[in-house]
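Please read the structure below before turning to the comments.
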Amino acid sequence: MFGYDIGISGGVTGMDDFLIKFFPRIYERKLHAAENNYCKYDDQLLQLFTSSLYLAALVSSFFASKACNVLGRKPTILMASTFFMAGAALSAAAQVGWMLILGRILFGVGVGFGNEAVPLFLTEIAPVHLRGAVNILFQLAVTVGIFIANLVNYGTSTMHPNGWRFSLGGAAVPAVVLFAGSLVITESPASLVERKREEEGKAALKKIRGVDEVDAEFEEILSACEIASKIKQPFKKLMKKQSLPPLVIAVALQVFQQFTGINAIMFYAPVLFQTLGFKSDASLLSSVITGLVNVGSTFVAIFLVDKVGRRKLLLQACCQMLISQVAIGVILHLKLSETGSLDKGLAAVVVVMVCTFVMSFAWSWGPLGWLIPSETFPLETRTAGFAFAVSSNMLFTFVIAQMFLSMMCHMKAYIFFFFSAWIVVMGLFVIVLLPETKGIPIDSMVERVWKKHPYFQSKITAYMLICWILSAFGGLMFGYDVGISVTSMDDFLIKFFPDVYERKLRAKENNYCKFDNQLLQLFTSSLYLAALVASFGASKACSILGRRPTILMASAFFIFRAIISATAVNKAMLIVGRILFGIGVGFGNESVPLFLSEVAPVQLRGAVNVLFQLCTKIGILLANLVNYGTQSVHPNGWRISLGLAGAPAILLFIGSIVITETPSSLVERGKEEKGIEALKKIN
């Protein structure tokens with residue numbers, strides 16, 4: 001079901017009949033011969049058609065977790081197929097946009113329930129020596145679904161005017177098969193025992209294994225369920241330090257799985273190939289080819305995952321995906337102009353590179369992104385932990401689906417270098433943090449993996465992690481200001497610096513001097529003068545009041561600044577806002593790095609402190625995105641850009657209330673007892 005939807009979406013959004021009915025503006029844009037190749041499909045509503053499913057899946061995955069616990073894996077799978085059938089019916093019959101989006105939401109609920117229950121079910125019924133291969137059946141079915149969807153799209157693309165209805169309605173077929181299958185299969189033994197149905201659980205285990213001698217395995221299940229029964233709040237248990245390692249690994253795998261760029265390619269493969277100059281039916285045929293590669297390569301994972309292990313497959317794929325993405329980016333950057341097309345030879349090379357990329361993903365990050373989270377949580381937090389994994393996957397799938405066409409429009413070929421950079425990060429993650437889980441019984445994972453992990457042996461608690469992240473938002477404030485650039489917006493210049501605006505309009509004006517204005521430069525630089533002076537006051541505040549109150553003060557200055565700058569009616573208000581901003585920067589840049597260094601364990605102090613700089617970079621990136629979005633909002637786009645500086649400031653303000661003071665600061669101020677309590681809380 002999941003795979004069919006991934007494959008069908010991009011094909012349908014490239015069909016003219018579908019665009020004419022729901023997105024006529026994009027259809028008109030397609031017809032313009034000189035239209036920018038990278039931007040012809042850039043439309044937020046079109047992307048919402050694809051991505052709305054994943055928001056619905058994100059929310060529903062937490063309800064699915066509860067359903068798995070209370071009702072069992074089998075009924076949850078049954079519910080998933082029911083939602084999917086309803087979504088297919090509504091989508092195929094859609095007459096207006098809201099019916100289309102509602103159908104996608106129902107699809108999303110089905111995906112949320114299915115992606116929560118099916119991998120857990122497969123992991124729990126599989127024998128330990130085949131667990132990897134059995135779990136990858138889920139990913140194999142996803143790839144088969146994508147391939148079938150590509151074939152359906154290719155066939156229905158010539159069925160005018162309702163071919164798209166057949167494509168969307170076809171999603172009901174795998175849903176009906178799953179519905180029937182969920183009536184036939186047995187419940188997993190672990191789920192039955194977890195719900196106090198021991199006799200049924202043992203009978204189910206005998207049925208699955210095909211033998212009567214299952215006492216040893218059943219005792220392991222009983223033991224795990226006994227431990228699980230003591231946990232009444234599994235989501236709260238996930239915040240404990242012993243639950244943190246599998247949670248971090250599970251969420252990180254889902255984030256990285258999406259930032260390989262795979263779903264961007266699979267969602268929009270037909271659109272991507274049209275961008276390269278293929279005709280509509282040829283682009284759909286190229287998608288069929290990549291779908292076939294996807295299916296075939298997944299069999300590699302089935303045969304190798306329990307032989308060579310998880311880590312080796314992931315690392316090999318990182319190398320192959322990196323080469324493919326870089327090669328695609330270089331070819332498009334050098335040879336694909338905004339209004340031209342690639343010659344046939346280079347277009348064929350790009351298709352081959354897409355296939356090698358899909359190939360490596362299909363035997364690594366695709367299946368293992370679902371396998372590893374499903375096998376690494378102990379039973380007491382398994383459904384709750386896997387719900388976080390599924391919701392993380394859906395969240396970042398939504399982000400990529402909603403942003404990809406816009407990113408392709410504005411970044412052009414550089415989008416492939418963007419994904420390449422993430423692949424490098426993924427490889428480092430596998431090398432440093434990911435343990436090998438091949439051949440380890442699922443209920444022995446804590447003792448044999450997590451308690452022996454070289455990095456997770458250090459006492460990193462969920463509370464400590466929250467402290468790090470929230471305090472590092474000081475860097476986000478600073479980075480946002482560095483990146484926000486309203487001084488080039490015409491509306492801003494007309495209001496505050498009309499002479500600079502007039503100079504910009506002169507065609508023969510010196511390109512290097514058109515923005516040469518001391519007051520305009522003071523608008524930017526006044527912040528740093530204020531920060532310079534404020535840093536000395538911040539040093540005193542850190543010593544007398546503590547790190548936490550100083551962080552609170554920094555965020556308060558930022559919030560006041562955002563309000564004043566966004567409502568400025570003259571230059572004086574603008575400069576005052578910048579000065580307040582500078583004080584906030586001075587206080588934040590003094591206290592946050594100190595806080596991070598003092599709460600971090602010694603072996604991780606460097607990495608933790610770099611969170612501040614990482615948040616600074618993220619702030620710059622967010623500011624650039626905001627600038628791009630607000631530059632066309634006339635006449636007050638600049639007000640939105642400056643006012644949004646309050647968002648990270650509010651997050652830091654809330655964070656500074658939640659986090660504890662550093663033990664060093666408390667002891668420094670003669671509060672030894674509170675310092676000991678803070679140290680215990682952090683650890």
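The values are calculated or read from the model by the stated rules, or taken from the named source; none is laboratory data. Please read these numbers as outputs of a predicted model, since none were measured by experiment. Positions of Cβ are backbone-derived with ideal geometry, glycine not excepted, and every protein chain shown enters the neighbour counts.
Among the residues making up region 559-581, those that are part of a helix (DSSP H, G or I) and either within 19 Å of L594 (Cα to Cα) or of a type in the set (A, V, I, L, M) (or both) are I559, A562, I563, I564, A566, A572, M573, L574, I575, V576, I579, L580. Within region 99-124, if we keep just the residues that are among the β-branched types (V, I, T) and surrounded by fewer than 22 Cβ atoms within 10 Å (Cβ to Cβ), the residue that is farthest from F299 (Cα to Cα) turns out to be I101. Output the residue which, of all residues in region 69-104 that are of a type in the set (S, T, N, Q) and in a helix (DSSP H, G or I), is farthest from P24 (Cα to Cα). That would be N69.
Applying a threshold of 7 Å to beta carbon distances and a minimum spacing of six or more residues, or different chains, the list of pairs starting in region 203-222 at a residue that is closer than 12 Å to T186 by Cβ and ending at one that is among the aliphatic types (A, V, I, L, M) and buried (at least 16 other Cβ atoms within 10 Å of the Cβ) reads A204/L192; L205/V214; K206/V214; I208/I125. Total residues in region 471-503 satisfying the condition of being surrounded by fewer than 19 Cβ atoms within 10 Å (Cβ to Cβ) and in contact with a Gly (Cβ under 8 Å, 6 or more places away or on another chain): the figure is 2. Looking across region 358-381 at every residue that is among the hydrophobic types (A, V, I, L, M, F, W, C) and not in a helix (DSSP H, G or I), the one that is modelled with the lowest pLDDT is identified as F377.
Out of curiosity, is G629 part of a helix (DSSP H, G or I) and either modelled with pLDDT of 90 or more or closer than 30 Å to V569 by Cα (or both)?
Numbers: part of a helix (DSSP H, G or I): yes; either modelled with pLDDT of 90 or more or closer than 30 Å to V569 by Cα (or both): yes.
In short, yes.
Cβ-Cβ contacts under 8 Å between residues 6 or more apart (or on different chains), taken from a first residue in region 575-594 that is more than 15 Å from P549 (Cβ to Cβ) and not assigned by TED's automatic domain parsing to the domain that holds F473 to a second residue that is part of a helix (DSSP H, G or I) and among the small types (G, A, S), are absent.
Sub-6 Å Cβ pairs linking a first residue in region 175-189 that is on the phi < 0 side of the Ramachandran plot and in the same structural domain as N115 (by TED's automatic domain parsing) to a second residue that is among the hydroxyl-bearing types (S, T, Y) and at pLDDT 90 or above, at least 6 apart or interchain, are A175/S81; L178/S81; F179/S81, ordered by first then second residue.
Collect the residues in region 578-619 that are surrounded by fewer than 19 Cβ atoms within 10 Å (Cβ to Cβ) and among the aliphatic types (A, V, I, L, M), keeping them in residue-number order. Within region 578-619, V602, L604, A607, V610, L614, I618 qualify. If you go through region 652-683 and keep only what is part of a helix (DSSP H, G or I) and basic (K, R), you end up with K674, K680, K681.
For G586, the conditions (1) at pLDDT 85 or above; (2) under 25 Å from L493 (Cβ atoms) are fulfilled apart from (2). In region 659-683, the residues that are assigned by TED's automatic domain parsing to the domain that holds S597 form Cβ pairs under 6 Å with partners that are surrounded by 16 or more Cβ atoms within 10 Å (Cβ to Cβ) and among the aromatic types (F, W, Y), at six or more places apart or across chains, as follows: T662/F595.
Just for region 300-315: of the residues that are of a type outside the set (D, E) and outside any helix (DSSP H, G or I), which one is nearest to L122 (Cα to Cα)? Steps first, please.
As a first pass, look at region 300-315 and keep what is of a type outside the set (D, E): 300-305, 307-315.
With outside any helix (DSSP H, G or I) added as a condition, the list becomes 305, 307-309.
Numbers: V305: 15, K307: 19, V308: 21, G309: 18 Å.
My answer is V305.
Inside region 148-232, counting only helices (runs of 4 or more DSSP H) that do not spill past its ends, which hold 1 or more residues that are loosely packed, with under 15 Cβ neighbours inside 10 Å and of a type in the set (D, E)? Full working, then the answer.
Numbers: elements: 163-169, 172-184, 189-194, 198-209, 215-229.
The qualifying helices (runs of 4 or more DSSP H) are 198-209, 215-229.
Check S297, S324 and return the single one that is over 30 Å from G385 (Cβ atoms), assigned to a helix (DSSP H, G or I), hydroxyl-bearing (S, T, Y) and at pLDDT 85 or above. On inspection, the qualifying residue turns out to be S324.
Evaluate the following for Q316: is it in the same structural domain as L433 (by TED's automatic domain parsing), of a type in the set (S, T, N, Q) and modelled with pLDDT of 75 or more?
Numbers: in the same structural domain as L433 (by TED's automatic domain parsing): yes; of a type in the set (S, T, N, Q): yes; modelled with pLDDT of 75 or more: yes.
When the stated conditions are applied, Q316 passes them.
Determine whether region 656-663 contains at least one residue that is among the hydroxyl-bearing types (S, T, Y) and in contact with an Asp or Glu (Cβ under 6 Å, 6 or more places away or on another chain). Checked against the condition, which is being among the hydroxyl-bearing types (S, T, Y) and in contact with an Asp or Glu (Cβ under 6 Å, 6 or more places away or on another chain), region 656-663 yields at least one hit.
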